[in-house]
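Report on the structure given below.
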Amino acid sequence: MNYTAKPFSVSEITTLIKNSLEAEFGKVQIEGEISNCRPSSTGHLYFTLKDNNAVISAVMFRGRASSLRFSPEDGQLVVASGNVSVYAKRGTYQIICDTLKKAGVGDILVLLEKRKALLAAEGLFDEKRKKPLPLFPARVAVVTSPTGAAIRDILRVTRRRNAGIDIVILPAPVQGEESAAIIANQIALANRHALGEVIIIGRGGGSLEDLLPFSEEVVVRAVADSQIPIISAVGHEIDVALSDLAADVRAPTPSAAAEIVSANRVELVQRVVGIAGRLISMIEQRTERIRLLLGQFAPSSMERNFRMLIQPSLLRLDDTKEMMIRGMQQRVTSEGHRLELLMNSIQSSSPMEILNKGYAIVTDSTDQKVIKDAGDAHKGQSISIKVAHGGLGATVTEVSR
């Protein structure tokens with residue numbers, strides 16, 4: 001057939017390629033790793049099969065997909081049986097699968113499991129490492145693509161729930177070979193300059209390969225080493241990256257992460273109003289109980305109740321007073337008796353008392369020294385004699401020993 005005789009329309013060349021391809025290939029079996037698996041709401045299953053060098057689109061319609069004995073997921077290595085066809089509207093070729101069976105675990109999942117086990121052994125996923133989130137953060141740092149759906153969702157939610165919260169965007173690619181290093185650097189930057197009270201890292205949904213940067217070791221270690229609490233919000237709820245395990249909190253989506261950090265002002269006001277209402281109700285109930293309790297005490301019985309209440313205390317007071325008076329009287333009598341004895345003892349030892357008994361004190365009239373021994377005196381010496389009442393002067397006429 002001469003393909004240059006006239007120009008083909010797009011539809012014509014596509015139909016020609018489709019017929020040639022389908023005629024050349026009958027039923028085939030293809031082994032590859034599932035990627036970008038997307039079950040549709042109609043029950044059809046769309047996905048991609050890939051190896052290290054090529055990819056091919058695949059579809060399994062609802063009638064066949066409903067008979068599968070497992071749930072296809074990204075990273076699974078499978079064998080698909082079916083017919084190769086061309087999807088004319090997109091100009092792509094694909095395999096329409098009749099059967100699909102597992103051929104083993106994909107290389108990516110094996111790699112992730114090994115990395116997960118290694119990091120878990122170091123304690124990077126331990127619960128004791130996780131930090132609590134601040135209740136009302138005023139500023140949140142977000143590490144994500146500045147043009148992606150994730151940042152749009154975060155800004156939309158925070159504006160709706162709490163427009164006063166500050167969002168600091170730290171731009172980073174969220175897929176590709178260099179993205180992991182940039183994400184880790186931005187986390188370190190947020191810590192170094194305290195750019196937020198909480199850090200959100202994440203991106204929207206994607207294939208297993210698209211989410212790989214958030215499972216790279218450099219990102220996981222940066223998350224674990226962060227002094228600022230981190231929320232990891234990677235992909236959709238069914239997606240789990242290793243950063244989710246190292247983060248302080250895992251959010252199923254970026255929107256959910258935004259809801260966690262942005263307290264809804266209306267909800268807070270409603271909670272405060274509710275608490276205030278319950279508090280007022282409790283006060284009113286207690287006031288009513290007190291009023292009923294006080295109502296039991298009529299004025300006529302208040303004095304009697306009061307006297308009955310204080311009578312035991314008054315009796316104890318009287319008894320104590322009488323005991324104190326008796327004790328003081330006994331103490332005064334005892335101390336008076338002791339004082340009398342002391343006075344008698346002092347008086348009996350007084351020199352004047354001794355003189356009253358007829359004794360005298362003899363002193364030298366010249367120097368007034370007391371003469372205690374006859375040897376201290378001599379004939380003709382003038383002496384003074386002190387008696388109980390008055391004194392005498394004398395001269396020694398004789399000394400005897």
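Overview of values
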| item | result |
| --- | --- |
| Top-ranked residue of region 236-268 - restricted to ones that are outside any helix (DSSP H, G or I) and out of contact with any Ser or Thr (no Cβ under 8 Å at 6 or more places or on another chain), ranked as surrounded by the fewest Cβ atoms within 10 Å (Cβ to Cβ) | I238 |
| Filter result (surrounded by 10 or more Cβ atoms within 10 Å (Cβ to Cβ) and in contact (Cβ under 8 Å) with a residue 12 or more places away in the chain) within region 353-369 | L355, N356, A360, I361, V362, T363, D364, S365, T366 |
| Conditions (1) touching a residue at least 12 places away in the same chain (Cβ under 8 Å); (2) surrounded by 10 or more Cβ atoms within 10 Å (Cβ to Cβ); number of the one not met by M324 | (1) |
| Positions within region 199-224 being under 18 Å from the mean Cα position of the chain (by Cα) and farther than 20 Å from A117 by Cβ, in sequence order | I199 |
| Filter result (in contact with a helix residue (DSSP H, G or I) (Cβ under 8 Å, 6 or more places away or on another chain) and over 14 Å from E197 (Cβ atoms)) within region 157-170 | V157, R161, I169, L170 |
| Hits in region 111-157 (condition: within 19 Å of V174 (Cβ to Cβ) and either under 19 Å from the mean Cα position of the chain (by Cα) or hydroxyl-bearing (S, T, Y) (or both)) | V140, T144, S145, T147 |
| Residues of region 162-205 satisfying the condition of being of a type in the set (A, V, I, L, M, F, W, C) and modelled with pLDDT under 90 | A163, I165 |
| Positions within region 225-234 being under 21 Å from the mean Cα position of the chain (by Cα) and buried (at least 24 other Cβ atoms within 10 Å of the Cβ), in sequence order | I230, I231, S232 |
| Cβ-Cβ under 8 Å pairs, at least 6 apart or on other chains, region 372-387 side assigned to a strand (DSSP E or B), far side acidic (D, E) and surrounded by 12 or more Cβ atoms within 10 Å (Cβ to Cβ) | S382/D364; I383/D364; S384/D364 |
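Table: residues versus (1) at pLDDT 85 or above; (2) not hydroxyl-bearing (S, T, Y).
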position	(1), (2)
V249	yes, yes
E267	no, yes
I280	yes, yes
I290	no, yes
S300	no, no
F306	no, yes
D318	no, yes
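The values are calculated or read from the model by the stated rules, or taken from the named source; none is laboratory data. This structure is a prediction, so every number in the text was calculated from the model and none was measured. Please note: Cβ atoms are built from the backbone with ideal geometry, for glycine as well, and neighbour counts cover all protein chains shown.
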